[in-house]
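The values are calculated or read from the model by the stated rules, or taken from the named source; none is laboratory data. Here the structure is a predicted model, which means the values were calculated and not measured. Note: ideal-geometry Cβ built from the backbone for every residue, glycine included; neighbour counts use all protein chains shown. Please note that ligands, DNA and RNA were not included when accessible areas were found on the heavy atoms of the full protein model with its side chains. Shrake-Rupley method; radii C 1.70, N 1.55, O 1.52, S 1.80 Å.
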Amino acid sequence: MAKSIEGNFDARGLKIGIVVSRFNQFVTAKLLEGALDGLMSHGGEDDNLTIVRVPGAFEIPLVAERMAASGKYDALVCLGAVIRGDTPHFEYVSDAVTRGIGRAIRKHQIPIGFGVLTTNDVQQAMERAGSKDSNKGYEAALTAVEMVNVIRQIL
Ligand code: INI
């Protein structure tokens, strides 16, 4: 019979690092609330969580790389809000943070939940920073937990 591997959302005992940017804090604070809700409601423990705040989404990858390289975390969760403005700045910041986080995942072979919003306007951002299933921070945190638990079964 085929072997089937599936993760679960059990966060008990997992050491999780959260990197959250301050830019558009009215959104990112909600994403952080969502991430903490997701972790704590699935057995996560306060003492196993580390939250690092950075200025903007552009700064997230460097800190994520450092945290990943430290070997102290089972998984990371990155939270930010990049909202389109009138200039091409949005594209550069979105691209840099997305590629940077992707690179950290592959380089350090660590799950990183991607909770960085890239939206056309504030309303779209707020709609994705609601409660539980409508909060991308919640979703990113549980994705990171699921990935740790999938990978542990593969190795
Ligand atoms: N940073 C964000 O996190 N979101 C944004 O929407 C944003 N915009 O639109 O400018 C943004 N810019 C700042 C950037 O992330 C860096 O902090 C800044 O360029 C300094 O390095």
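Quick one: how many residues across region 40-71 are of a type outside the set (V, I, T) and either within 8 Å of the ligand (Cβ to nearest atom) or touching a Ser or Thr at 6+ places or on another chain (Cβ under 8 Å) (or both)?
Total satisfying the criteria: 7.
Looking at region 72-102 only, could you name the residues that are open to solvent by less than 30 Å² (accessible area, probe 1.4 Å) and either in contact with a Gly (Cβ under 8 Å, 6 or more places away or on another chain) or among the aliphatic types (A, V, I, L, M) (or both)?
A75, L76, V77, C78, L79, G80, A81, V82, V93, V97, I101
With L79, L31, L36 as the choices, which residue is touching a Lys or Arg at 6+ places or on another chain (Cβ under 9 Å), at pLDDT 95 or above, of a type outside the set (F, W, Y) and farther than 19 Å from I110 by Cβ?
L31
Can you say whether T87 is within 14 Å of the ligand (Cβ to nearest atom) and hydroxyl-bearing (S, T, Y), as far as the supplied structure shows?
yes
With the condition kept exactly as written, say whether any residue in region 21-34 is surrounded by 14 or more Cβ atoms within 10 Å (Cβ to Cβ), among the β-branched types (V, I, T) and within 16 Å of the ligand (Cβ to nearest atom).
yes
With touching a residue at least 40 places away in the same chain (Cβ under 8 Å) and surrounded by fewer than 16 Cβ atoms within 10 Å (Cβ to Cβ) as the only criterion, which of K132, K136 stands out?
When all the criteria are applied, what remains is K132.
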